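To keep things clear, I will list the structure first and then write my remarks on it.
Each value in this text was obtained by applying a stated rule to the coordinates, not by laboratory testing. Predicted model, so just to flag it, every value in this text is computed and none were measured. Reconstructed Cβ throughout: ideal geometry from the backbone, glycine too, with neighbour counts over all protein chains shown.
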Amino acid sequence: MTDDQPAMDRLVDVIRRLRGPDGCPWDREQTLESLRPYLIEEAYELLEAVESGDPAKHREELGDVLLQILLHAQIRDEQSDFNLEDVVDQLTEKLIRRHPHVFGDVQVDGAQEVLKNWETIKARERNQRRSESVVHGIPAALPALQRAQRIQSRAARVGFDWEHEDDVLDKIHEEIDELRVELDRCDAQRSAEEVGDLLFSIVNFCRFRKIDAEGALRHATTKFVTRFQGVERRVHAEDREMSDCTLAELDAHWDAVKREE
């Protein structure tokens, strides 16, 4: 390992050294299973870095995610399953194969046609096995909103979609009406199901409008936390506790915080 090596080669050598007989005890004892929570955590930290708009933080978190990928590849290499070069080769070939409009002579008219072609190519890669659904392969462990939007997008690519935005909005209102019925019946299980249907319909509207549902809710939650903390500061400045305030007082503080934004 030398300083004049290409950056990626040097990094791979570092990972191999860390996992080697004279390497780091912690790195050596890691397994594919033990690394799972770190991969998920690093992915979320990367998303936070992107949202922060800080290029230095973004660069750092990209490196942390890359570390997890390299560790996974190194473990598989040690098991004689595949190595990082195999991963890169397979990805390169897949990108070329699935972009015939770039690397071939296929003509497309916009991003939607690209997505439809992508699904057609994927079906061909599966040898057109009808037993494998177009929504196959979307991880069940994804956050619920993100998974719903991914599934809806896959279905839309093969033509299973609403034609007009108003139809999606009508569906949301329909689900609200159905929820009211179950609430009036005091049926907790059915009410929960209707809430799920309502959320799914709202995600569908987000997808139709090209809004990232997961990101939109995360932004709204962050905004709520910021405003709520502002309310707390105002209450504490009066030498009071939140529990001592009436709802009307808290609402007044909330409105004041919003005006200060």
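One table, with the values for the structure above:
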quantity	calculated
Net charge of Cβ neighbours under 11 Å - reference residue 191; Lys, Arg +1; Asp, Glu -1	-4
Signed unit charges on C-beta, dipole axis of the range 215-260, positive-most listed residue 254, 243, 221	221
Viscosity 1.567 mPa s, temperature 4 °C, Stokes-Einstein D of the range 215-260 from Kirkwood C-alpha radius, µm²/s	118 µm²/s
Loop-located chymotrypsin sites (Phe, Trp or Tyr not before Pro) in the range 80-129 whose Cβ has at most 14 other Cβ within 10 Å (DSSP)	82
GluC sites (Glu not before Pro) restricted to the range 1-88 and DSSP loop, no more than 11 other C-beta within 10 Å	29
Rounded to 10°, Cα long-axis angle of helix 247-260 versus longest principal axis of the chain	60 degrees
Loop trypsin sites (Lys or Arg not before Pro), the range 167-199 (other Cβ atoms within 10 Å of the site Cβ: 11 or fewer; DSSP)	185
Size descriptor, Kirkwood hydrodynamic radius, that averages inverse alpha-carbon separations across the chain, Å	23.6 Å
Cα-based reach from residue 94 at 27 Å (exclusive), listing lysines while leaving out same-chain residues under 8 positions away	116, 122, 210
C-alpha long axis of helix 213-237 to longest principal axis of the chain, angle in °	50 degrees
Between 0 and 90°, nearest 10: helix 188-208 axis offset from the chain longest Cα axis	60 degrees
